[in-house]
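Engineer: This is the structure I have questions about; it appears just below.
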């Protein structure tokens, strides 16, 4: 195996996913690269005595990219195999930020109440755990944000959508392949926001944030058009829907999965609907971002001839 | 062990949960009984050639009850340990019903489109599986509907809510204990709607419906007031929220769980919020009933001293 | 004109709408009666120094009823012409109640924040205005709650739904006719909760609450089945949808209106959809109750030959 | 009065609102200009025999812009007085488009049902009416889309948001002033999508679309920061919230209005909340776009002395 090329962000990170920036790097279909990522705060929250609202700037969630994938054209699919996620520091951080999170009013769910208190929780990452006091959270790393450029929009790196983005779904993890729509020449791939681990929903809005080196293999699937991101593991196929209200995210995720079972696995549409009724899995990735992300899953045992 | 008393519905089943009917039976705190339950269709869909809309009557989801629990008073909690669920026939049935389900417009999400086709799927239940054609769904039984009476309302047996009801969450299963609020003298307990298995969300609206004998142990916890149903397994504590939109069900489930961790396990509220951010679990029970039911879970490893 | 019969609540008011109580009175189709109603708090908030959470009991929104309408059978429609609303006292009251209202978290939209402060606002009602300090709100009376019994459910008097109930829509006002579904013999009609006036959405959850004498004429329309409440004025036909999320209430209201235009006014369904796109009206009655109520309206000028 | 400068789009229209394009024109604070706008379809639907899905391209809703407003800097507000809207043709068009609209499943509210039929409705615009068959819709012109650039995002011209955009609210009409946040140097103003008239909600998703000449006066209000668009008429102040679910749009609109009454009109926050409960107005602009737009209004009579 040849040495893997490393990609560091040169110059400022991207705070949007869009077609308007210059590519940071170019990769070939089939190539494996290692991409260095910042944490969601750009590293400025590094102590429990920090006040997030004082140190955070206008932009959050810095992304490494755009990466130009040669040969990718609108109408193709970009398959991104997550080979490995290696942390590049030994601590992770979470925080509550005023009017942001799942159990507080926000700028979108606006109310007249006072905010919850600001707090920072810092964890040591060691021996396969994130540790703080007597808490031990098993390490289960994934990339919180991964996506391609929309056709003409430049979307905030905080936004999940049909381009991927800040989905915060734990299945974008080592060993799995993420399928993303290609909507511009070169796909313009972005990633960042690695998490040591995260519960379903990312309840307070901030997971165990960390910097990382993410090793990915890119593959362009020509002439294959998908509408929403998909994930494949050894055992499951999965579709991600991102929308509000949350039931719309669920509807997208499951109806995309019905479509995948129909197009690729010989299911009649109503039979796929039935099978998923009895055996489908559905969990909440995030209930805190600009849209909520839900993952619908089908065990591959139901996809065999 | 003495013989377990069996409770069969005498006369018609209940199609509401409320305080207005005569108790079918009286049980003591600490008593174990076996309750026979109908399927959600009252058994009228028994063939794949049946047209659901022709055979279904005005009421669905017949419940066995009300069962009067001696000593239960408003402000108490009723703990119901699910000892066993034994099927009383060897087939299960699912169906699509016009304008009902998760990927169709409904009477509440009203649109002008034509309905999806009606279909019935009948499964053999044998050897630990529900089988149809080459599908094999592992048996994972639970009671779809379980609840107590509201204080003065009589709610449809199709409705989940803060009284429990038609929650359709797979964790109301053998080995687990369901905690329900007591809002009237005697609690007025109802159950029914057993499922051989069900995917998350109960996507088409109808799980693997079956008749069953459900063995339960009742315990009255005096002076303990809860606002929403709770579940406890060997490994997890869980809260169920039922509401629309779906994010409101998620908010209820997680905020009740924060409250439980604070009241019983010494957590400061913001710390519980943080811990659940990193380690909480959240899944969709149903996305098809009058309100959606979501389950938030916390592993008991985080609750020890 | 003969003297109008007066109906006072004998015994306690109803806090549910359902078929389980004894009728308070019987009226004939075509009969006009005057019904006395309590305010939504049963009169216990009568001063700005009152603390609502200390004086309010378990139940809110007392209704006068049930009134048995002779000849009404399931499948009919009950037309209720609102002849007049006369206040029976000279003051109205509004209040903020902890975790209740449109710009606060609630039991259904649960968050961890502290509640907003409790406050009471008392108004003099005189000269066609509700006055407090330099505020002068023009009197525009309507019944906040009006409905019939569901088939087998008994629903909280705080709940709007397909039976009517606590819709809080300003078009249930003198001169207009409310059409309600009949789901039990005698219809079992309830009303209460008169408002001196109210803004769209009933923002803090409590309008200008007052006691009143409401004069109504009942008419049974045999064999006419409606799914949701309707209202007719001299100038408009209207449908009320009550659901969460709010877009579902909007969808119900407009799709019922499309159906009405198709069944009674010769519109092809897609043409009704088109006409309402350009000329329909839609406002928010309440954004605070157990479900939100929206009113879709069509000017009668579009219904003529 | 000097002659008003006319601004025609040179080169292609904008299909996003963002900071990445070159300004089409520069205007001074205080200047009045006339801007020519395309219809939402770029004019390609001009006959009732057109099939929208065959003629529509990838992008919809062409905007004229960006227009650079001299002196406008982030943190300022741009006041845009709508002086006049003059139609530049004598016909308007509406249509149903597959899986787009208020009473159909869509890409965001995904279901398995077949789409509604495609149809085109073409109207003559004459004598103050849009006429088709026996329908006569009174002309009530407004700009459907009006906004400034987000800070770093480029958002689809179909999207309403806190930058304005495709709000489709009938109060962006002649005589009214729209206040927009300035988030980039020069504000980067866009407008288009004029409507001859539109009902509340823009039910099928397409109003009476027309080309127009829009006369606007720009004023930069230095150092005044607003979070969401505002509108002022002779009689009302208004705030526009755009979000999903619809109740979130309502919460934004009303809480922004509370804030405006507090900051500029001496209202204590809880008193503004109370006053709007009794006298606030709230209507649905659109229930069809990527987010729903609602308008909360307060009569100026409540803002005096």
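Engineer: Restricting the search to the range D:273-287, which residues are buried (at least 24 other Cβ atoms within 10 Å of the Cβ) and within 19 Å of the chain's Cα centre (by Cα)?
Structural biologist: Those that are buried (at least 24 other Cβ atoms within 10 Å of the Cβ) and within 19 Å of the chain's Cα centre (by Cα): D:282, D:284, D:285, D:286, D:287.
Engineer: Here is a check on your reading of the model: is residue C:304 surrounded by fewer than 24 Cβ atoms within 10 Å (Cβ to Cβ) and either in contact (Cβ under 8 Å) with a residue 40 or more places away in the chain or within 15 Å of the chain's Cα centre (by Cα) (or both)?
Structural biologist: No: the conditions fail for residue C:304.
Engineer: Still on this model: Go through (1) touching a helix residue (DSSP H, G or I) at 6+ places or on another chain (Cβ under 6 Å); (2) under 18 Å from residue D:149 (Cα atoms) and name the single condition residue D:182 misses.
Structural biologist: Result: residue D:182 fails condition (1) only.
Engineer: Residues that are within 17 Å of residue A:77 (Cα to Cα) and under 22 Å from the mean Cα position of the chain (by Cα): does the range A:292-299 have at least one?
Structural biologist: No.
Engineer: Are there any strands (runs of 3 or more DSSP E) wholly within the range D:215-305 with 3 or more residues that are within 13 Å of chain C (Cβ to nearest Cβ) and in contact with a strand residue (DSSP E or B) (Cβ under 9 Å, 6 or more places away or on another chain), and if so which?
Structural biologist: Answer list for the range D:215-305: D:236-243, D:281-286, D:292-299.
Engineer: So, in the range C:131-143, how many residues would count as being surrounded by 18 or more Cβ atoms within 10 Å (Cβ to Cβ), part of a strand (DSSP E or B) and out of contact with any helix residue (DSSP H, G or I) (no Cβ under 7 Å at 6 or more places or on another chain)?
Structural biologist: Number of matching residues: 3.
Engineer: Hey, does the range D:205-221 have a residue that's in contact (Cβ under 8 Å) with a residue 60 or more places away in the chain and under 18 Å from residue D:298 (Cα atoms)?
Structural biologist: Within the range D:205-221, none of the residues are in contact (Cβ under 8 Å) with a residue 60 or more places away in the chain and under 18 Å from residue D:298 (Cα atoms).
Engineer: Could I ask something else about it? Here are some conditions: (1) more than 27 Å from residue A:17 (Cα to Cα); (2) within 22 Å of the chain's Cα centre (by Cα). Residue D:100 meets all but one. Which one does it not meet?
Structural biologist: (1)
Engineer: Quick one: count up the residues across the range D:194-214 that are assigned to a strand (DSSP E or B) and more than 8 Å from chain C (Cβ to nearest Cβ).
Structural biologist: 7
Engineer: Still on this model: Within the range D:164-182, can you find the residues that are in a loop (DSSP other than H, G, I, E, B), surrounded by fewer than 24 Cβ atoms within 10 Å (Cβ to Cβ) and at negative phi?
Structural biologist: D:170, D:171, D:173, D:174, D:176
Engineer: Which of the residues spanning the range D:245-262 are under 25 Å from the mean Cα position of the chain (by Cα) and surrounded by fewer than 24 Cβ atoms within 10 Å (Cβ to Cβ)?
Structural biologist: D:256, D:259, D:260, D:261
Engineer: Only one of B:143, B:69 is over 24 Å from residue B:292 (Cα atoms) and modelled with pLDDT of 95 or more; which?
Structural biologist: Just a single option satisfies the conditions, and that option is B:69.
Engineer: Any residue in the range B:52-61 that is over 20 Å from residue B:172 (Cβ atoms), within 21 Å of the chain's Cα centre (by Cα), more than 14 Å from every other protein chain (Cβ to nearest Cβ) and at pLDDT 95 or above?
Structural biologist: Within the range B:52-61, none of the residues are over 20 Å from residue B:172 (Cβ atoms), within 21 Å of the chain's Cα centre (by Cα), more than 14 Å from every other protein chain (Cβ to nearest Cβ) and at pLDDT 95 or above.
Engineer: Can you say whether residue B:191 is more than 14 Å from chain A (Cβ to nearest Cβ) and more than 25 Å from residue B:239 (Cβ to Cβ), as far as the supplied structure shows?
Structural biologist: For residue B:191, the condition - more than 14 Å from chain A (Cβ to nearest Cβ) and more than 25 Å from residue B:239 (Cβ to Cβ) - is not met.
Engineer: In the range D:67-95, how many are within 14 Å of another protein chain (Cβ to nearest Cβ) and under 20 Å from the mean Cα position of the chain (by Cα)?
Structural biologist: 4
Engineer: Let me ask you something else. Select from the range C:111-130 the residues that are more than 10 Å from chain B (Cβ to nearest Cβ), closer than 27 Å to residue A:113 by Cα and part of a loop (DSSP other than H, G, I, E, B) and list them in ascending order.
Structural biologist: Result: C:113, C:114, C:115, C:116, C:117, C:118.
The values are calculated or read from the model by the stated rules, or taken from the named source; none is laboratory data. These figures come from a predicted structure and were not determined experimentally. Cβ atoms come from the backbone with ideal geometry, glycine included; neighbour counts cover every protein chain shown.
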